[in-house]
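The structure under discussion appears below in the form of structure tokens.
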Amino acid sequence: MKTPILLSSLQIVPRRLFPTTLILLFISIYMHGQVTENVEKPMVLLAKAMIDVESGTTIRNPAIYIRNGKIETIGDGLKIPDGLEIIDVSNKYIIPGLVDAHTHLCHEYRRDLDIVPGSNTIAETVLRNEGDRALLGAKNAREMLMAGFTTVRDLGNSGMGAAISLRNAINKGWAVGPRMFASTRALSPIGGQFVTMAYEAQSAIIPKEYVAINGIEDTRKAVRQAIYDGADCIKVIVNNNSLVLSQEELNMIVGEANRAGLKVAAHATHGDDPSMLAVKSGVNSIEHGYTISKEVLDVMANQGTYLVPTDRIGVRRYQQRIQRALQAGVKIAFGSDMYYHHNELTRGQLAVRTYQSYKEAGMTNLQILQSATMHPGNLVSGKEKIGLIQSGYFADIIALDENPLENIKALENVVFVMKEGQIVKNDTD
Ligand SMILES: [Zn+2]
């Protein structure tokens, strides 16, 4: 996501740059959907307590001063100037809005419709057009926001452009959802993540979900195409069933992406080699890393590469990998990787349940809170600050009935959601 441009910025544009600069600014505002809806009157949010997820301290009776969608200052609740709008959740605990660093909002997997394992994803690509995918994404985006997720990084499996359309729709106010950082199609070895399909079907189906890269020039072109298509970040699948990208291809991806100010998320599974190649190329996060070794984790800790675990409850090897990562000092950024259909639970309710897998792996409640907010916020953000309740950060704030430092399951019942200074859910009483 590009830096929001407010009309007030125009006041500091030097006169000699008019009118070209003005025109460019307006084009930029139009292209990125960053209109001026978040220019608001100042307000103050009062709460019972605020969890400072960075330090782990609980601050009683905080007053959060908010202007233009950002947090200005945090006071003690005693001196509130006249004329401020007061938002009173003074019987609730507040924390930063949740951040999910690995979503697939425009994708829905129905196990019950599988013919062979994995075929349902192919069927979705065949049966649903871009509009269907974007509208499915709008439903999931709303559900994620209502569960407390104010920011997501959406990593492909969204058709050729559905996630970009969804992000733009949210930015324009056409749809309700979290702030989105979208990758467009994932770059991958030939075949992407699809099981081997008939030759005649390959060229029709695979490019709807993946950009196959095969050599350095292919790689350069794929990254530039993603940026042109509106990507906020690049998703690369380092390895599929039988193919692994080369170090040179990965270096090219990171170099081209970074030059344009984009970060890179690397899907890496099946042993250590794909992860090490990706880490050495300078990607910002390793997704999944189910079997990642101490050797790779040590390099990640040195370089500040995040691990986005995408775990499920009850899997011993996932838990052991979390432990290895913590011991190595690798920062863990929450990623739900949630794309399953459920008859009773929303996408957001399914995503928040994933925190229990971290609990099961031995993470403390504070570590889980950090992985749910400040770590992924830092990982996915560009110039803007996301993931803490501190001066200068987006006013993304959620409220809970209980103190999550004492009971992490409190995250499964978010009763109030503010995104960028706007209240989008308020079930407090
Ligand atoms: Zn995924």
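The values are calculated or read from the model by the stated rules, or taken from the named source; none is laboratory data. Computed from a predicted structure; not experimentally measured. As a convention, Cβ positions derive from the backbone with ideal geometry for all residues, glycine included, and neighbour counts pool all protein chains shown. Heads up: the accessible areas ignore ligands, DNA and RNA and are worked out on the full protein's heavy atoms, side chains in. Shrake-Rupley method; radii C 1.70, N 1.55, O 1.52, S 1.80 Å.
If you line up the long axis of helix 130-146 against the longest principal axis of the chain, both from Cα atoms, how many degrees apart are they, to the nearest 10?
It works out to around 40 degrees.
In segment 99-237, if the dipole is taken from +1 on Lys/Arg beta carbons and -1 on Asp/Glu beta carbons about the Cα centre, which of Ser183, Leu155, Ile170 is farthest to the positive end?
Ile170
Expressed as an acute angle from 0 to 90° and rounded to the nearest 10, what is the orientation of the C-alpha long axis of helix 216-228 relative to the principal long axis of the chain?
30
Applying the Karplus parametrisation 6.51 cos²θ - 1.76 cosθ + 1.60 with θ = phi - 60° to the phi angles of segment 306-318, what ³J(HN,Hα) value in whole Hz is obtained for each residue in order, glycine and proline being reported as x?
7, 9, 10, x, 6, 9, 10, 5, x, 10, 4, 5, 5
Which residue fluctuates the most in the chain, going by a Gaussian network model with Cα springs under 10 Å, if the choices are Arg321, Arg179, Arg259?
The residue with the greatest mean-square fluctuation here is Arg259.
Across segment 409-415, in residue order, what do the Karplus-derived ³J(HN,Hα) couplings come to in whole Hz, using 6.51 cos²θ - 1.76 cosθ + 1.60 with θ = phi - 60° and x for Gly and Pro?
Karplus values, whole Hz, x for Gly and Pro: 5, 4, 5, 7, 9, 7, 9.
Would you mind checking which residues have amide H under 5 Å from Tyr109's amide H? H placed 1.01 Å from N; only 5 or more apart, or other chain.
When sequence neighbours closer than 5 places are left aside, the close amide H contacts are Tyr340, His341.
How would you rank 395-408, 236-249, highest first, on the average number of other Cβ atoms within 10 Å across their residues?
Highest mean packing first, the order is 395-408, 236-249.
Are any of the pairs Lys208/Lys235; Lys139/Lys419; Lys48/Lys409; Lys139/Lys425; Lys92/Lys409; Lys331/Lys425 more than 21 Å apart by Cα-Cα distance, and if so, which?
Lys331/Lys425
Given a cut-off of under 8 Å on Cα pairs at least six residues apart, what relative contact order in percent is computed for the chain?
Value for the chain: 18 percent.
Starting from the amide H of His267, placed 1.01 Å from N in the peptide plane, find each other amide H under 5 Å away whose residue is 5 or more places distant or on another chain.
Val236, Ile237, Val238, Glu287
Under the Karplus relation 6.51 cos²θ - 1.76 cosθ + 1.60, θ = phi - 60°, what is the ordered set of whole-Hz ³J(HN,Hα) values for segment 381-390, x standing for Gly and Pro?
In residue order, the calculated couplings are 6, x, 7, 6, 9, 9, x, 9, 9, 9 Hz.
Along the Cα→Cβ direction, 7 angstrom out, place labels at Ser246 and Ala201. What is the inter-label distance in nm?
Taking the simple label geometry, Ser246 and Ala201 are separated by 3.1 nm.
Would you calculate, for the chain, the mean residue ellipticity at 222 nm contributed by helices, counting each DSSP H stretch of 4 or more residues as -39,500 (n - 2.57) and dividing by all residues, to the nearest 500?
Rounded to the nearest 500, the figure is -10000 deg cm²/dmol.
Hey, which aspartates and glutamates would be in cross-link range of Lys359, C-alpha to C-alpha under 20 Å, not counting anything within fewer than 8 residues on its own chain?
The qualifying aspartates and glutamates are Asp52, Glu54, Asp100, Glu287, Asp311, Asp337, Asp401, Glu402, Glu406, Glu412.
Which percent of the accessible area of the chain is formed by carbon and sulfur heavy atoms (probe 1.4 angstrom)?
53
Near Ser158, within a Cβ-to-Cβ distance under 15 Å, what is the net charge of the other residues, with Lys and Arg +1 and Asp and Glu -1?
Spelling it out: positives minus negatives among the neighbours equals -1.
Among Val415, Ile213, Gln349, whose Cα sits farthest toward the positive end of the charge dipole of the chain (+1 at Cβ of Lys/Arg, -1 at Cβ of Asp/Glu, about the Cα centre)?
Checking the options against the dipole of the chain, the answer is Ile213.
Can you list residues whose amide H is under 5 Å from Ile389's amide H, if they're 5+ apart or on another chain and H is modeled 1.01 Å from N?
Counting only residues 5 or more places away or on other chains, the set is Val53.
Suppose all protein chains stay in the model; what accessible area per residue would a 1.4 Å probe give for segment 208-262, in Å²?
Normalised by residue count, the accessible surface of segment 208-262 is 45 Å².
Can you give me the angle between helix 162-172 and the longest principal axis of the chain, using Cα atoms only, in degrees from 0 to 90, rounded to the nearest 10?
The answer is roughly 10 degrees.
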